[in-house]
Each structure stands twice: as structure tokens, then as C-alpha cells.
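Enquirer: Attaching a single structure in C-alpha cells format; questions to follow.
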Amino acid sequence: MDRRQISQLAHADHPIAAPLADDTVRRLLDRAVGTDAERVLDLGCGRAEWLQWLLALNPRVRAEGVDTDAGALALGRSGAEDLAVADRLALHEADAAAFTSPHPFDVVLSVGAAHAFGGLLPTLAAAREHLAPGGRVLIGDGFWEREPDTAALDGLGAAADEYDDLATTVDRVVADGWTPVYGHVSTLQEWDEYEWCWTGSLAQWALDHPDDPGSATAYRAAADHRAGWLNGYRHTLGFVTLVLRVSP
Ligand SMILES: C[S@@+](CC[C@H](N)C(=O)[O-])C[C@H]1O[C@@H](n2cnc3c(N)ncnc32)[C@H](O)[C@@H]1O
């Protein structure tokens, strides 16, 4: 069982792969898409949950998603078919950092995928390449709620310089030429729901499939993740989602 299969099982009950509640996702999409956006791109879309929601809520919108995970994209396609929005969704199996398109987009999303670009500012640089004049970016990334200790860094497999605190994170985005027009900081409740779903879905699958060759690996991955979270980065890793426009 590889990392992608583990991630797929772990997201069974929380398909948005970020610590965000359903009503938060809806609110962020409302703010980003408004009443005028028609073309939306998601860089690192995973199973295209954001785009499926968006298309179901906005019949005028057409969307494209980019991800390297073929299994996640297949789930996205079948989800879009179930919602009868597949005719307005194009999913590309590609490296988001190298993706090119013949047309610009009114909204560019990238949530939890900054590692694909080498960090938050490179992700924004890529988004800017795709953005139509007057467009909006919806971006979600981590930050440090407090100085990370060794247990937090070990639990995440992260380095201390991977993130900044919230104020510094937003300052860097502003200095890069962006104006936040909305934002959301994930609550502890959203984090706990996300992590309990992640670890619980995976552990449950392992318990229900004791004869599967991947069962022991899945069970161990759930236990390790739970320990890394509860003994490590809970209360230390934050997550901020910003809606941005290019500054004048
Ligand atoms: C934490 S998930 C977020 C998925 C989705 N944005 C969401 O919020 O549900 C990160 C995604 O980035 C994708 N990814 C990682 N590297 C990538 C790359 N170079 N190009 C495109 N996608 C990539 C992964 O396959 C994964 O689906």
C-alpha cells in the first residue's frame, strides 16, 4: 500500500483534504467566485471536491483541475458525474507547476498543495500566471500557531522554516503584491474533525479488511499519524485560507 492509497482511504469521510468544515468551504467559495466568475482552475485539486461543490452551486461556471494523482482524479470524475456536472469539468493528470492553459481563469484555487510549487509564494506566482485581470486566488496553507518544538516537527516531518506565524505569512503575501479580501483560520474543532476523520477512517478500513495485504500498513499509518498529531503538532500547526486579489 503506497502513500496515495493511504491518503485515499484516510479521506473517505472528509474528502476535502484540509482542516475545513463544510460551511467554511461554502463560504470561501462564495467569496472567491462571487456572482461573476465563469472559469475556475484548481492547482493540486486532489479528487476535485472543491470544484464539484463549486460547479453544483454555480451553473454558469466551467472548471479545470490539475493533479498528479490519477486515482484521485478518477474519484473526481465519478463524483462529478454523480452530481451531473461532469460536462463542465476538465481534469488534467499533470504537474501543476508545469501546467499551461490557452486561456486565463477568473479564479485560481490551490489548497494544501504549496509543496508542489516549493512554498506559498511560488504557488502564488504560478496562480498569477493563470489569472485573468481582476481575478481572485483562493489559497490555503499551513502556518505556525506557536513556535514548533521537536515533537511537532517530528510529528509532521517538517522543518521549522517551512512555515511562518500567521501575521508574517500574511505580511509576506501582501509584500508579494496581493491584497487579502477574505480569509479563514481553521479552528481547533475543524482540525480535530479533520484528524479524527483521517486517522479513524484509515484505522476502520484496516480493522474491516484484516485479510487485505495492506491492512497492517494502513493500521500502522493511522496509529503513527494519530501519535504525530496528538503528541506533536496539535495546537502548533495552523491552517489559513485566503481569498486574494492582485494589489494595485
Ligand atoms: C493535501 S492535498 C489537497 C487536495 C485538494 N486541494 C483539497 O483541498 O482537497 C494535496 C494535493 O496536491 C497534489 N500534488 C502534489 N504534488 C503535485 C504536483 N506536482 N502537481 C499537481 N498536484 C500535486 C497531491 O496529489 C494532492 O492531491
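Enquirer: Rounded to the nearest 20 Debye, what is the dipole magnitude of segment 3-246 about its Cα centre when Lys and Arg each give +1 and Asp and Glu each give -1 at the C-beta?
Expert: 560 debye
Enquirer: Next up: Solvent-accessible area per residue for the chain at a 1.4 Å probe radius, Å²?
Expert: Per-residue accessible area for the chain comes out at 48 Å².
Enquirer: So how do 30-39, 120-129 stack up, highest first, on mean other-Cβ count within 10 Å?
Expert: In decreasing order of mean packing, 30-39, 120-129 become 120-129, 30-39.
Enquirer: If only Cα atoms are counted, what is the Rg of segment 3-246, and what is its Dmax, in Å?
Expert: Reported Rg and Dmax, both Å: 17.8, 55.
Enquirer: In the chain, if the dipole is taken from +1 on Lys/Arg beta carbons and -1 on Asp/Glu beta carbons about the Cα centre, which of 139, 218, 247 is farthest to the positive end?
Expert: The one lying farthest along the dipole's positive direction is 247.
Enquirer: Whenever you get a sec, line up 89, 166, 28 from highest to lowest accessible area (probe 1.4 Å, protein heavy atoms).
Expert: 166, 89, 28
Enquirer: 222 nm [θ] for the chain, helices only, -39500 (n - 2.57) per DSSP H run of 4+, per residue, to 500?
Expert: Value at 222 nm, helices only: -13000 deg cm²/dmol.
Enquirer: Counting only residues 5 or more places away or on other chains, whose amide H sits under 5 Å from the amide H of residue 182 once H atoms are built in the peptide plane?
Expert: Residues meeting the criterion, in which the H sits 1.01 Å from N, are 243.
Enquirer: What list of ³J(HN,Hα) couplings, whole Hz, do you get for segment 145-160 from phi and the Karplus terms 6.51, -1.76, 1.60, once you set θ to phi - 60° and write x for glycine and proline?
Expert: Values, residue by residue: 5, 8, 3, x, 8, 4, 5, 5, 5, 5, x, 8, x, 10, 9, 4 Hz.
Enquirer: At a 10 angstrom cut-off on C-beta neighbours, averaged per residue, how do the peptides 208-215, 112-119, 80-87 rank from highest to lowest?
Expert: Peptide ranking by packing, descending: 112-119, 80-87, 208-215.
Enquirer: Also: Taking amide H positions as placed 1.01 Å from N in the peptide plane, with prolines and chain starts having none, which residues 5 or more places from residue 238, or on another chain, fall under 5 Å of its amide H?
Expert: Placed amide hydrogens put 143, 144, 145 under 5 Å from residue 238.
Enquirer: Express the carbon and sulfur contribution to the solvent-accessible surface of the chain as a percent, rounded to the nearest whole number, probe 1.4 angstrom.
Expert: Of all accessible area on the chain, carbon and sulfur atoms account for 49 percent.
Enquirer: Could you order 178, 198 so the one with the most accessible surface comes first? Probe is 1.4 Å.
Expert: Putting 178, 198 in descending order of accessible area: 198, 178.
Enquirer: Okay, moving on. Would you kindly derive the ³J(HN,Hα) couplings of segment 98-115 from the backbone phi angles with the Karplus curve 6.51 cos²θ - 1.76 cosθ + 1.60 (θ = phi - 60°), listing them in order in whole Hz, with x for Gly and Pro?
Expert: Karplus-based 3J(HN,Hα) across segment 98-115 equals 10, 5, 10, 9, x, 10, x, 10, 6, 9, 10, 9, 7, 10, x, 10, 4, 4 Hz.
The values are calculated or read from the model by the stated rules, or taken from the named source; none is laboratory data. Keep in mind that this is a model prediction, so the values were computed, not measured. Counting neighbours? That spans all protein chains shown, and the Cβs are built from the backbone with ideal geometry, glycine included. Note: accessible area is taken over every heavy atom of the protein model, side chains too, but ligands, DNA and RNA are not part of it. Shrake-Rupley method; radii C 1.70, N 1.55, O 1.52, S 1.80 Å.
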